[in-house]
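*Asks:* Take this structure, written in structure tokens, and hold onto it; I'll ask about it next.
The values are calculated or read from the model by the stated rules, or taken from the named source; none is laboratory data. Small disclaimer: the values here were computed from a predicted structure and weren't measured. FYI the Cβ positions are ideal-geometry reconstructions off the backbone, even for glycines, and counts take in every protein chain you see. Surface areas here come from the heavy atoms of the whole protein model, side chains and all, with no ligands, DNA or RNA. Shrake-Rupley method; radii C 1.70, N 1.55, O 1.52, S 1.80 Å.
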Amino acid sequence: MRTMPQDSQYPRSLVDADLFRNLLRRHAAAVVVITAPGETPAGFTATSFTSVSLDPPLVSFCLAHTASAWPAVSATDVVAVHVLTEEQEHVARTFSTRGIDRFAAHGDWEQGPGGVPLLGGVLARLVCRVVRRVEAGDHTIVLASPVTGTVHDDRAATPLVYHDGTYTNLRRAA
């Protein structure tokens, strides 16, 4: 990994947390809910999900060490990634709410392979084996290899998107 030389003309960092958050609000991202098994199953809303590699198939997501889901995600070898439809903003909000039993509040889920919770009605779902965790500041990047997947039956269904601090969608042109 290349890093900027310390004697570079660029200072170590001019971007504070508030500016960084404001800059990244301009990046549109699909909304996913990631779930993990455990004595108490965990799930959280994320926009940090991305594909990493086709050969071998790898995806990644990031999670803060302070997140309530972190203990379950740090201990498991299986997670499920659920890409939400534009009609599932309520699911995104449920899984981003603190201090509640997110699965009881949501209700539409079943236990999958390895005990991982699987949400219903999603645009796409990948059940993945965790292959590596990489410490990155106050977060960990989780690399995972999809082992199974399903897609929504309605090919016209569109994803829920997060942009500029709000949920939105992608309308397909007729």
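*Asks:* Run the numbers on region 1-152 and let me know its relative contact order in percent, using alpha-carbon pairs under 8 Å that are six or more apart.
*Replies:* Across region 1-152, relative contact order equals 24 percent.
*Asks:* Would you rank His163, His106 by solvent-accessible area, highest first, keeping every protein chain in place and using a 1.4 Å probe?
*Replies:* Details: His163 65, His106 35 Å².
Correct descending sequence by accessible area is His163, His106.
*Asks:* For the chain, what is the calculated [θ] at 222 nm in deg cm²/dmol (nearest 500), taking -39500 (n - 2.57) for each run of four or more DSSP H residues and dividing by its residue count? Intermediate values should be presented prior to the final figure.
*Replies:* On the way: 4 runs with 25 residues, N = 174.
Only helices count here, giving -3500 deg cm²/dmol.
*Asks:* Turning to a different aspect of this structure: Provide the solvent-accessible area of Thr40, counting protein heavy atoms only and rolling a 1.4 Å probe, rounded to the nearest 10 Å².
*Replies:* Roll a 1.4 Å probe over it and Thr40 shows about 110 Å².
*Asks:* Further question on the same structure: Work out how much length His152 to Ser48 would gain on full extension: take 0.36 nm times their residue separation and subtract the Cα-Cα distance, in nm to one decimal.
*Replies:* Here the segment from His152 to Ser48 would lengthen by 35.3 nm.
*Asks:* Shifting gears a bit: Calculate, for Arg98 and Arg171, the FRET efficiency according to 1/(1 + (r/R0)^6) with r their C-beta to C-beta distance and R0 25 Å; round to the nearest 0.05. Spell out each step's value before the answer.
*Replies:* Numbers: r = 32 Å, r/R0 = 1.26.
The value I calculate is 0.20.
*Asks:* In whole angstrom, how long is each semi-axis of the equivalent ellipsoid of region 18-174, when you take the square root of 5 times every eigenvalue of its Cα gyration tensor and sort them from largest down? Numbers along the way, then the final one.
*Replies:* On the way: eigenvalues 92, 74, 58 Å².
Equivalent ellipsoid of region 18-174: 21, 19, 17 Å, largest first.
*Asks:* For the chain, which whole percent of the accessible surface, found with a 1.4 angstrom probe, sits on carbon and sulfur atoms?
*Replies:* Details: 5720 of 10980 Å².
Result for the chain: 52 percent of the exposed heavy-atom area is carbon or sulfur.
*Asks:* Could you do me a favour and compute the accessible area per residue for region 80-174, 1.4 Å probe, result in Å²?
*Replies:* 58 Å²
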